[in-house]
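What follows is a short report on a single structure.
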Amino acid sequence: MEKKYQVFVSSTYEDLQEERKKVMEALLQMNCFPVGMEYFNASDSSQWEVIKSLIRECDYYVLIVAGRYGSIEEESGKSYTQKEFEYAIEQGVPVISFVHKNPGILPGIKIESNPKCKEKLESFKSEVKKKLCKLWDNADGLASQVVLSLNSLIKTNPRVGWVKANEVSSADANKEILALRKENEELIKQIEEIKVTPPVGSEMLKQGEDSVCLHFISPHEQSVELNTTWNKLFAYLAPMMINEATEFGINQALRELCFRDYRFNYKSFVELLSEDFYTILIQFSSLGLIAKSEKKRGIKDTNVYWTLTPYGYNEMIKLKAVKK
């Protein structure tokens, strides 16, 4: 029977998006099923249970390490990438790792700047190199190494894998399909629940009825302060992001808000300080209320678009819906 294998791809995300894409494409060409955590915005205990379940169900585990250590789980003090690696080993899932040959050549944004995280990264790499490990220095080369190494690992350590339904007995197939369907439904339920809950750690951030002060500059360099709350600010901006809104449009809406409160005769010249504008976007994003839109656009469209997350949509309804 021809088998297809499920492969969990683990790494930090923001700094390795291109590399992950290349590896995923290479795995698909091998007729493998790549599994990744791209659809998670943050990490918490509920998501960790989903991740563990996926790792247990995978046939092989691929780890990619470059210059970042990744987000840290507070209780253990370890990054989620390291926790995934250790859990795969604990569960007996065959692991193959790929460590960047020369992380010093990476752009500054892709290198760990926190001294403690640097130390943890080096310690983690030392542990990784004790297992089956290869070095890489570019995305295409990495993808090629994954294919060669995984093919070799499959030959030396074959796993259960997946087969077509017509290649196994009907009774066994039906039993397995029902079990997988149930597990899939449970995973989908967990993922949907995660989408409408605030990110872990967000309770430490200013939000809700906490105050926020916005600073505007008039044509005569007059500084104007607008005091409001995070709830009022989100309730004002959220409806325009039900589908999506450009950063320019959001900025314009904030200028309108200032004009409405101060009755300027020169509203088109009132400017919100850039620092305040991006603080608003970062804060709402960190609270899990908004995210950058992933819709594909024409090559000439250089706008940055933001949209409500499912959690953000629910919070908007709580703030804006008219109650009896």
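If I ask for residues that are assigned to a helix (DSSP H, G or I) and farther than 21 Å from residue 18 by Cβ, which ones from region 111-124 would you list? Step through it out loud before you land on a result.
Narrowing region 111-124 to residues assigned to a helix (DSSP H, G or I): 115-124.
Of everything in region 111-124, those that are assigned to a helix (DSSP H, G or I) and farther than 21 Å from residue 18 by Cβ turn out to be 115, 116, 117, 118, 119, 120, 122, 123, 124.
Here's the yes/no breakdown for (1) buried (at least 16 other Cβ atoms within 10 Å of the Cβ); (2) assigned to a helix (DSSP H, G or I):
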| residue | (1), (2) |
| --- | --- |
| 51 | yes, yes |
| 56 | no, yes |
| 70 | yes, no |
| 85 | yes, yes |
| 89 | no, yes |
| 92 | no, no |
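What is the number of the single condition among (1) among the charged types (D, E, K, R); (2) within 29 Å of residue 202 (Cα to Cα); (3) without any contact (Cβ under 8 Å) to a residue 12 or more places away in the chain that residue 90 does not meet?
Single failed check for residue 90: (2).
Across region 181-211, which residue is nearest to residue 315 (Cα to Cα) among those that are without any contact (Cβ under 8 Å) to a residue 24 or more places away in the chain and touching a helix residue (DSSP H, G or I) at 6+ places or on another chain (Cβ under 7 Å)?
208
Could you check region 288-313 and list, in sequence order, the residues that are of a type in the set (S, T, N, Q) and surrounded by 10 or more Cβ atoms within 10 Å (Cβ to Cβ)?
If the condition is that a residue be of a type in the set (S, T, N, Q) and surrounded by 10 or more Cβ atoms within 10 Å (Cβ to Cβ), then 293, 303, 307, 309 are the ones that fit.
Matching residues to (1) small (Gly, Ala, Ser); (2) without any contact (Cβ under 8 Å) to a residue 24 or more places away in the chain; (3) assigned by TED's automatic domain parsing to the domain that holds residue 33:
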residue	(1), (2), (3)
73	no, no, yes
110	no, no, yes
122	no, yes, yes
128	no, no, yes
132	no, no, yes
147	no, no, yes
179	yes, yes, no
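List the strands (runs of 3 or more DSSP E) inside region 215-324, counting only whole elements, that have at least 2 residues being within 30 Å of residue 203 (Cβ to Cβ) and among the aliphatic types (A, V, I, L, M).
Passing ranges, in order: 290-292.
The values are calculated or read from the model by the stated rules, or taken from the named source; none is laboratory data. Owing to the predicted nature of the structure, the values given are computational and were not obtained by experimental measurement. Cβ: placed from backbone, ideal geometry, glycine included. Neighbour counts: every protein chain shown.
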